[in-house]
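To start, the structure itself, in structure tokens.
Each value in this text was obtained by applying a stated rule to the coordinates, not by laboratory testing. None of the values given here were measured: they were computed from a predicted structure. Note that each Cβ is placed from the backbone with ideal geometry, even for glycine, and that neighbours are counted across all protein chains shown.
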Amino acid sequence: MSRNESTQWTGRSRGGSLGHWFFVVTLRYLGVRAAYVLLAFVAPYFVPFAPRATRAMWRYHRHILGLGRLKSAARLFTSYYTFGQTIIDRVAMSHGIVRPYRFVFDNYDELIAHLQADSTIVVGAHVGAWETGAHFFDEYGKHINIVMYDAEYERIKHVVEKGGSRRNYKIIPLNADALESVMRIYNALENKEYVCFQGDRFMDPKNSVEMTFMGRRARFPRGLFKLAVRLRVPVVFYFAMREPGRTYRFVFSAARPADGPDALACLMNQYVAALEAVVRKYPHQWFNYYDFWTDYES
């Protein structure tokens, strides 16, 4: 496999629908604590049996975080276990199980001010668990459109239908008919709704740009940022991070608008800086299970 192939995301996230359904059943009959206990036996499975993801996380801990071999090995289990906890938590919340959790908001009023004023593009990432915030968007959630790749959409749709969970937001899948997806995005913004993207994933390397992130070079999609610049739509960065004591911190920050030929680069730099600040504070909630960086040694 070439380096370009190994660093390109395939459109699929770690974890299958059977695993999600298993935790739905566990939560329904045994509760959150029991699900965490069972997770401790499930998480080690992925270390040897998800070799591509494990290799990517090993490189992340060794070359990006600079940890030693023993710590990096231990963090492989920690990464899978923490990711599993976020899955359990968002499944629990989607079924109305909210009491075991505590929630903290950073700049929430700023986000609501944007949502009340106009259509907004919200940009997140595959860190923490963005879906846990859906419960708190209330009436705004009905006007939120999550843009995701078709493989992810089909998996989530299957789990929602099979598990009987609830979601108050809409999904725009990116599929083979790219024009249809783009039109749905434009229509949502024209209707003064809110469109949410994950700014750390791309399928077409030609529509990405290499930037410095966490001290190394990595590629980021530029299409969504070009859309925001072209339409002059306000942009908010949003991350939902797990903290001790079953606490979730929702971090919001508004991008500073820029004009002129450097507007796109300015917006992307702001996003990468916001993402890096979150990853440095929560380094073990980086859940991009593929070779994200392009310039570290094997």
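Could you give the length gained by full extension between I112 and V25, i.e. 0.36 nm per residue of separation minus their alpha carbon distance, to one decimal place?
Details: separation 87, 0.36 × 87 = 31.32 nm, distance 3.48 nm.
Full extension from I112 to V25 adds 27.8 nm.
Each residue in I121, I171 was given a count of other beta-carbon atoms within 10 angstrom of its own, and listing them fewest first yields I171, I121. What whole-number distance in Å separates the alpha-carbon centres of region 220-298 and region 94-129? Taking the Cα centre of region 94-129 as reference, the centre of region 220-298 is 15 Å away. Counted residue by residue at 0.36 nm each, then reduced by the alpha carbon distance between them, the extension gain from D204 to H95 reaches 35.7 nm. On full extension, the segment bounded by V104 and T78 gains 7.0 nm, given 0.36 nm per residue less the C-alpha separation.
On a 21 Å Cα-Cα criterion, which of the cross-link pairs K192/K226; K226/K281; K71/K281; K206/K226 come out too long?
Details: K192/K226 18 Å; K226/K281 28 Å; K71/K281 18 Å; K206/K226 14 Å.
In this structure, K226/K281 exceed 21 Å between Cα atoms.
Along region 265-281 the Karplus relation, 6.51 cos²θ - 1.76 cosθ + 1.60 evaluated at θ = phi - 60°, assigns HN-Hα couplings of 4, 4, 5, 5, 5, 5, 5, 4, 5, 5, 5, 5, 4, 5, 5, 5, 7 Hz to successive residues, with x for each Gly and Pro. Cβ-to-Cβ counts within 10 Å put F225, F252 in ascending order as F252, F225, the fewest first.
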